[in-house]
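Quick notes on the structure that follows.
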Protein chains: 4
Amino acid sequence: MIIIMEPKATVEQINAVKRYMENKGFKIVLNHGDVMTVLAAIGDKRLIEPQSVASFEGVREVKLIQEPYKLASRESKEEDTVIEFKNGVKVGGLEKPVMMVGPCSVEKDFGWLMEVAQAAKEMGCEFLRGGAFKPRTSPYDFDGLGEKGLKYLKEAAEKTGLLVVSEVMDTTDVDMFCDYVDLIQIGARNMQNFKLLKAVGKTGKPVLLKRGPAAAIREFLLAAEHIMANDNDKVILCERGVKGFDSTFTRNTLDIAAIPIIKKYSHLPIIADPSHGTGRRYLVEPMSKAALMAGANGLMIEIHNDPDNASSDGAQSLNLTQFRETQRHLNKLIGRIDYDNKVLKAEIEKAALRC
Amino acid sequence: MIIIMEPKATVEQINAVKRYMENKGFKIVLNHGDVMTVLAAIGDKRLIEPQSVASFEGVREVKLIQEPYKLASRESKEEDTVIEFKNGVKVGGLEKPVMMVGPCSVEKDFGWLMEVAQAAKEMGCEFLRGGAFKPRTSPYDFDGLGEKGLKYLKEAAEKTGLLVVSEVMDTTDVDMFCDYVDLIQIGARNMQNFKLLKAVGKTGKPVLLKRGPAAAIREFLLAAEHIMANDNDKVILCERGVKGFDSTFTRNTLDIAAIPIIKKYSHLPIIADPSHGTGRRYLVEPMSKAALMAGANGLMIEIHNDPDNASSDGAQSLNLTQFRETQRHLNKLIGRIDYDNKVLKAEIEKAALRC
Amino acid sequence: MIIIMEPKATVEQINAVKRYMENKGFKIVLNHGDVMTVLAAIGDKRLIEPQSVASFEGVREVKLIQEPYKLASRESKEEDTVIEFKNGVKVGGLEKPVMMVGPCSVEKDFGWLMEVAQAAKEMGCEFLRGGAFKPRTSPYDFDGLGEKGLKYLKEAAEKTGLLVVSEVMDTTDVDMFCDYVDLIQIGARNMQNFKLLKAVGKTGKPVLLKRGPAAAIREFLLAAEHIMANDNDKVILCERGVKGFDSTFTRNTLDIAAIPIIKKYSHLPIIADPSHGTGRRYLVEPMSKAALMAGANGLMIEIHNDPDNASSDGAQSLNLTQFRETQRHLNKLIGRIDYDNKVLKAEIEKAALRC
Amino acid sequence: MIIIMEPKATVEQINAVKRYMENKGFKIVLNHGDVMTVLAAIGDKRLIEPQSVASFEGVREVKLIQEPYKLASRESKEEDTVIEFKNGVKVGGLEKPVMMVGPCSVEKDFGWLMEVAQAAKEMGCEFLRGGAFKPRTSPYDFDGLGEKGLKYLKEAAEKTGLLVVSEVMDTTDVDMFCDYVDLIQIGARNMQNFKLLKAVGKTGKPVLLKRGPAAAIREFLLAAEHIMANDNDKVILCERGVKGFDSTFTRNTLDIAAIPIIKKYSHLPIIADPSHGTGRRYLVEPMSKAALMAGANGLMIEIHNDPDNASSDGAQSLNLTQFRETQRHLNKLIGRIDYDNKVLKAEIEKAALRC
């Protein structure tokens, strides 16, 4: 931690900060510049709340040096985390990128969902996604079938050999979700719902954590840390777009760079959601390809099979025809990446990883 | 709703959209331009999910004309909502702006909190704020005393004649909160935790709803609508800063313009939180004044009485000496505004409000 | 400057950075933490380009400690800069805030402009603003009368006793501007047009520098530094709104906090432009008041007198009736601030300024 | 254009707007909703400045339906623009993506630059980039060799068979640039320097236009329109990152989605600059690949050959070893895309393009 003092800070003020930090177990190096004094505090940041020292008289600013997450960091675990699911599907590292597809929300009868699930399976996807409980910006919008939706998802997945991922919205539903889903999703709006993070952490189930629309990468990894601090290291991150200043052509700005950044600073797998990340059908394919080339461990894409009566499908959903065509292109790309990854793996076995 | 078709949309595609909207009860006016066709759909937006029509082939974009919230809108209720509390304190409209002050989190023993409460009362404040359950970005930070904190708050408030406001973080705690607090706070990170909004809505208690750091004003008012749709119109909004591109000098960008905008489009009271909105002590006073002059119905400010041992107080908290000085200046300003408001009220009684 | 090394940086890499910095004249303090090594480089940042050291192998990040501007900083000049104009008008410090009003662009005949100028003078304003050369986002929009517009401005100002402020857009026009205007404006889109900054710097004339819509405060002050480095310290800054994520209700986000922040870090005067800063007529008055209470040294407001035929006036311009009513309210507020400032001044003479 | 009236707008106010628009040559369709009236104005937007109608009493908001640029739009020219350079290099459409590489600024002696140019040629790149006049955020930073730098660039390019691209910063330098460069660059900070856009437009030379850090896509295309309105349709756009809220790990947010969006709405070529777009060396390769897969017509990348003495190279520049390795990977990817593009071209010749 670096503590920058005001140019007019007195010797007493500087000493008070120094004493406080030393009492907390930090080693202090004082750097007196021409204009201002800077204290380098060496030690474990988690021993104190950095904001507490920022409240001292004469302190201008506190800068963190080491990232404040620990379990999620690459420093604490060098090799990539790879999460294995019941049917052998693996997510993370140099494994083949996975596809999670399905409708925004599960609606109507079971047959409708089966049709989507069969298309997903036929195209080689691994996960069936679908909302049973929907977070809706407006209270007047359809908010999902509830537990019945989860039953449909599980049944469709079992019949087709897919895995189920669905979003939980409240701590009271977490146990029920464990009965139905293989991967519990935390939605972007709940990324900092810390009670919910703790609750899903305790289940030990794999968790898909979506990035909040205003979450800095550091906040995103700290949210993962909340899950991991409850003894659950099976966390898959998902970049799904952040708020930008131009919402004329897209709903969000899909932050592709977050993928290689997170791969550098964390060992956790990260996928991308180009459907929510752009909000436009015609952008799903190019942004899917971009995310894969930037290193994504998978994609989450919205598809539907009945646009004329859909309650929450929208401008970002592909119909089954569009999905099949897009998926063919993506599979071709994934095949190449997979091949490249294997070559890379072999190379790595022969030589130490270059920095 | 305005539906803009692609320049190359076919007559069949245009007719399909027209038919769908008419079946949903909308009246459609077709405007054929030189380049593209635009459909104006007149009727109640809430009959359909606008995204559903956006998924039709040939649709380029859907634009909302009428704001999607209803109960929170100025159209549905012209006069300002004024919320009255048990001791006669009123929030909203032309009432004197209220002050909500206290520590970030309730800590240590009761005496510590009483000292803050007495300073607040002595300076003329109306509400004692304090976190008993704290949302912490890092899992390693102190997360509050829990119910004991609420007990302390209630006792300190009763002894001094203040009202209590504190943040609830989970649906399972809502009932307990009703026993201790006069105003239930929904934090910025939970602004779109719809289950929680519903739960606090059902209590009928006044709710303080903080704006999420990436929430557009429309999304903010739709979050209020979730509470109001559960028969609770006692909602106070709170502007607390949004994410900006420059975090060198402030934590957030306090969006002062949101105050007069919300006053135009909604009848709900709105206050400002310059402590979280800036994250810097020296900005609390000027931004408090700015918010009051822009029409805020109150302010929420963090104060503390023991910086050297605080667990979550920080660069934004005023100590008791700083608080008293700032509050003296604010009281002077509030006195003038209060006087101006009364003059204005008398004028309004004599004449119709100008637009 | 703080140089943070990668956790895996080798001793050789650390030494290479140390040697390079020492050769450039910096004193280096090495801080070895458990995870990574941090170098504190003490000395004048301007001796090197910080990015150059960032390109060394093993460097993770370079953080500036001292702000990179010098002439514009409060450290280099403690007392407020006050700029005096030919008729005795002063801008800055505790002087009475000034008003700069006028049409977006000068149009049509001279009589039209005189009417606006007379209203401005009658209401106590100090500056007549108006665009003669207009930066237009679209090439098809009216782009100003050119030199004729400047002549009209000068004549209207002389007849009414106002000062002229107008925007220059190209280095080749700078000399001509000096003949007509008292204050040369650099528009937001040209804030980092460094050739133009240099050219206006060399004139020695007072310069009004508008903040770019994506400019961090540090970049804004560095733009002022470009002018000042050419021996011109007569710079007035202008906050006019930055790009935000919600453009439904405003064109920009007026960053009111920038006013007290800049007052802390710089000695230069700063005014606000609530017309461009919001883009909405009804927000001009509340945001003007907010800016004044936050410490603005003046306001720039767009007014017009013939909306039905205006070429570039818009949703943000007040007509003369609206202007007179708004200005009456602002004058009342300015009178109070002016009174408060004088009291404050007297206090300061009696006592040292508190930090 | 859609004009939304306030709910309380009077019949007279509505009629005044209607009359004004009809006088300007628009056909008006009135849509009376339950709450507010909406006017659809059908006709050429360029006949009026939309802001002028926004200033009428009773108008709440004006929404554009048709994009305000014309020459740059896909509607005005369906087929992709492909720009051919003197040595047969083509940029745009389905042509092989081009590489523009070189140092941030041209420095020191000619030999230094030749070494970079030879590496670029050897790796198959088409353009040599380099700054002769540098826009520097700080006035104390090195700002380029000036015309000598351009001479070096031209000579190095002629000796190696590369093309030259370099940034012009002032209208007075435009003629000189035409003697030295094949592609005139307008930097991000000058994207809305309209005098400069006009000046480079008039040269008829190919122009590389970089997106401003706060420019919406609409503003970006309108800046291109300024060049094209001066009879120069040889414009290459360049996405180079926009301001985001998280600058911890990157300098800007590279908006990859802008590539396919611009391909849909415009016929102009678009390339990406991952060096400035991220500001980090380790992100150049993954973001280059992402941009290419999203459809970029080329890449601009910063490379250097002497980090220890570079004046403005930085954390984002690759040294020659890193460049060669990265370029090998990119060439492999470009080869595949090129192959795919040819297959696609053949398909297109056989069938009409799907929408």
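The values are calculated or read from the model by the stated rules, or taken from the named source; none is laboratory data. It should be emphasised that the depicted structure is a prediction, and the values quoted were computed from it without experimental measurement. Virtual Cβ from ideal backbone geometry, glycine too; neighbours counted across all protein chains shown. We work out accessible area using only protein heavy atoms, side chains counted, and drop any ligands, DNA or RNA first. Shrake-Rupley method; radii C 1.70, N 1.55, O 1.52, S 1.80 Å.
Listed values, structure above:
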| read-out | value |
| --- | --- |
| Flag if A:Pro68 is touching a Leu at 6+ places or on another chain (Cβ under 7 Å) and over 29 Å from A:Leu299 (Cβ atoms) | yes |
| Close pairs from segment C:155-171: first surrounded by fewer than 24 Cβ atoms within 10 Å (Cβ to Cβ), partner among the hydroxyl-bearing types (Ser, Thr, Tyr) and not in a loop (DSSP other than H, G, I, E, B), Cβ under 6 Å, at least 6 apart | C:Asp170/D:Thr171 |
| Exclusive hit being assigned to a helix (DSSP H, G or I), more than 14 Å from chain B (Cβ to nearest Cβ) and within 23 Å of the chain's Cα centre (by Cα), set A:Leu128, A:Leu150 | A:Leu150 |
| Unique match (being on the phi > 0 side of the Ramachandran plot, in contact with a strand residue (DSSP E or B) (Cβ under 6 Å, 6 or more places away or on another chain) and not charged (D, E, K, R)) among A:Gly144, A:Gly124 | A:Gly144 |
| Residue pairs meeting the criteria (Cβ under 6 Å; at least 6 apart or on separate chains; first without any contact (Cβ under 8 Å) to a residue 24 or more places away in the chain, in segment C:187-216; second open to solvent by 10 Å² or more (accessible area, probe 1.4 Å)) | C:Ala216/B:Asp246 |
| Only one of B:Lys63, B:Lys86, B:Lys8, B:Lys18 that is farther than 30 Å from B:Ile270 by Cβ and in contact with a strand residue (DSSP E or B) (Cβ under 8 Å, 6 or more places away or on another chain) | B:Lys18 |
| Given (1) within 25 Å of B:Glu225 (Cα to Cα); (2) touching a residue at least 60 places away in the same chain (Cβ under 8 Å); (3) in contact with a Pro (Cβ under 9 Å, 6 or more places away or on another chain), number of the condition A:Arg251 does not satisfy | (3) |
| Residue check, D:Ala223 within 14 Å of chain C (Cβ to nearest Cβ), open to solvent by 10 Å² or more (accessible area, probe 1.4 Å) and farther than 22 Å from D:Lys121 by Cβ | no |
| Matching residues, segment B:262-288, being touching a residue at least 24 places away in the same chain (Cβ under 8 Å), surrounded by fewer than 24 Cβ atoms within 10 Å (Cβ to Cβ) and part of a helix (DSSP H, G or I) | B:Lys263, B:Lys264, B:Tyr265, B:His276, B:Arg281, B:Glu285 |
| Members of segment C:177-198 that are open to solvent by 20 Å² or more (accessible area, probe 1.4 Å) and either basic (Lys, Arg) or within 9 Å of another protein chain (Cβ to nearest Cβ) (or both) | C:Arg189, C:Gln192, C:Lys195, C:Lys198 |
| Residue check for A:Gln316: modelled with pLDDT of 80 or more, part of a loop (DSSP other than H, G, I, E, B) and closer than 28 Å to A:Glu115 by Cα | yes |
| From the options D:Val91, D:Val59, residue that is under 18 Å from the mean Cα position of the chain (by Cα) and either under 24 Å from C:Ser55 (Cβ atoms) or at pLDDT 85 or above (or both) | D:Val91 |
| Selected residue (only one of A:Leu209, A:Leu153 is touching a Ser or Thr at 6+ places or on another chain (Cβ under 7 Å) and modelled with pLDDT of 95 or more) | A:Leu153 |
| Failed criterion for B:Thr248 (all others in (1) surrounded by fewer than 21 Cβ atoms within 10 Å (Cβ to Cβ); (2) more than 7 Å from every other protein chain (Cβ to nearest Cβ); (3) not in a helix (DSSP H, G or I) hold) | (2) |
| Selection within segment D:158-174 - under 23 Å from C:Met191 (Cβ atoms) and more than 14 Å from every other protein chain (Cβ to nearest Cβ) | D:Ser166 |
| All positions within segment D:1-28 that are of a type in the set (Asp, Glu) and open to solvent by 50 Å² or more (accessible area, probe 1.4 Å) | D:Glu12, D:Glu22 |
| Residue match in segment A:231-243 (condition: more than 13 Å from chain B (Cβ to nearest Cβ) and within 23 Å of D:Glu239 (Cβ to Cβ)) | yes |
| Extreme residue, nearest to A:Thr326 (Cα to Cα), among residues of segment A:109-125 that are modelled with pLDDT of 85 or more, open to solvent by 20 Å² or more (accessible area, probe 1.4 Å) and part of a loop (DSSP other than H, G, I, E, B) | A:Met123 |
| Qualifying residues in segment C:289-303 (those that are among the aliphatic types (A, V, I, L, M) and assigned to a loop (DSSP other than H, G, I, E, B)) - the one nearest to C:Gly212 (Cα to Cα) | C:Ala296 |
| Residue match in segment A:277-293 (condition: out of contact with any helix residue (DSSP H, G or I) (no Cβ under 9 Å at 6 or more places or on another chain) and at the interface with another protein chain (Cβ under 8 Å from one of its Cβ atoms)) | no |
| Criterion: of a type in the set (D, E, K, R) and crowded, with 23+ Cβ neighbours inside 10 Å - qualifying residue of A:Arg136, A:Arg129, A:Arg74 | A:Arg129 |
| Options B:Val101, B:Val91, B:Val62: the member that is touching a helix residue (DSSP H, G or I) at 6+ places or on another chain (Cβ under 6 Å), on the phi < 0 side of the Ramachandran plot and more than 14 Å from every other protein chain (Cβ to nearest Cβ) | B:Val101 |
